Amino acid sequence: MSVQPVEAGQCDTPRCDGRAETITPEGHVCANCAREIERAYREAERRDRAGREGRE
Ligand SMILES: [Zn+2]
């Protein structure tokens, strides 16, 4: 039996087996998920701003 290296951790995204590499507001996730989360956040932020400015 070989000793496993200290695990960096697994991606926090459910059903993702990636290795956690990036810390995001959603948790410690792999690079792929980090990109997805960043995009989602930017999208939400844009929608939020557009909604606020568009009303009045
Ligand atoms: Zn992931």
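Every read-out reported here was derived from the displayed coordinates using simple, explicitly stated rules and does not represent laboratory data. Predicted model only: the values in this text are computed from it and were never measured. Counting neighbours? That spans all protein chains shown, and the Cβs are built from the backbone with ideal geometry, glycine included.
A few notes on this one:
- Local charge for Glu45 was computed over the other residues whose Cβ lies under 13 Å away, with Lys and Arg +1 and Asp and Glu -1, and equals +2.
- Highest to lowest packing among 41-51, 27-37, 9-19, scored as the average C-beta count within 10 Å: 27-37, 9-19, 41-51
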